[in-house]
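The values are calculated or read from the model by the stated rules, or taken from the named source; none is laboratory data. None of the values given here were measured: they were computed from a predicted structure. Cβ coordinates were reconstructed from backbone atoms using ideal geometry, including for glycine residues, and neighbour counts include every protein chain displayed. Note: areas computed on protein heavy atoms with side chains; ligands, DNA, RNA excluded. Shrake-Rupley method; radii C 1.70, N 1.55, O 1.52, S 1.80 Å.
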Amino acid sequence: MSVLLVEDEALILEAVQEALKQAGFSVQAVSSGFAALEVMSEGVVELAGLVTDIRLGEGPSGWDLARHARQKRPDLPVIYMTGDSAADWPVQGVPRSQVVQKPFATGQILTALNMMLTEADADKAGQA
């Protein structure tokens with residue numbers, strides 16, 4: 001299962017990427033919103049989830065990336081990571097997403113992602 005990881009802070013990117021890999025995920029890690037859009041244009045359908053910072057400097061924000069991804073894949077699990085934008089999540093975040101407040105333990109990201117993947121699997125089973 002492949003996860004798109006978007007984070008502009010190198011240390012956080014490396015830590016989360018390593019945790020996801022150790023948990024068995026294939027990770028496409030990028031450090032900007034523009035790079036994330038490129039990855040999504042190549043195949044958002046194949047992604048198991050999107051884990052994104054919200055404030056990414058120049059270009060699209062994490063909010064923008066999640067909306068873009070959900071237009072192509074409405075059931076895509078989305079995890080937001082943020083140091084200061086959690087209060088905006090109810091308005092800016094896509095439905096059925098989760099937010100993890102910085103600083104965090106990487107295990108929090110894994111737990112949130114696994115919960116969302118389990119919910120998505122249960123929804124698919126219920127529709128079958």
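List of remarks:
- Test result for GLN28, of a type in the set (S, T, N, Q) and assigned to a strand (DSSP E or B): yes
- Count of segment 36-56 residues which are open to solvent by less than 60 Å² (accessible area, probe 1.4 Å) and either outside any helix (DSSP H, G or I) or without any contact (Cβ under 8 Å) to a residue 12 or more places away in the chain (or both): 10
- Checked against the criteria, MET1 counts as among the hydrophobic types (A, V, I, L, M, F, W, C), open to solvent by 30 Å² or more (accessible area, probe 1.4 Å) and at pLDDT below 95.
- Checked against (1) at pLDDT 95 or above; (2) closer than 16 Å to ASP8 by Cβ, GLU58 meets all criteria but (1).
- The residues of segment 107-126 that are open to solvent by less than 70 Å² (accessible area, probe 1.4 Å), more than 13 Å from the chain's Cα centre (by Cα) and in contact (Cβ under 8 Å) with a residue 12 or more places away in the chain, listed by number, are GLY107, ALA120, ASP123.
- Segment 57-86: number of residues that are crowded, with 17+ Cβ neighbours inside 10 Å and touching a Phe, Trp or Tyr at 6+ places or on another chain (Cβ under 9 Å): 8
- Count of segment 86-104 residues which are part of a helix (DSSP H, G or I), among the small types (Gly, Ala, Ser) and in contact with a strand residue (DSSP E or B) (Cβ under 8 Å, 6 or more places away or on another chain): 1
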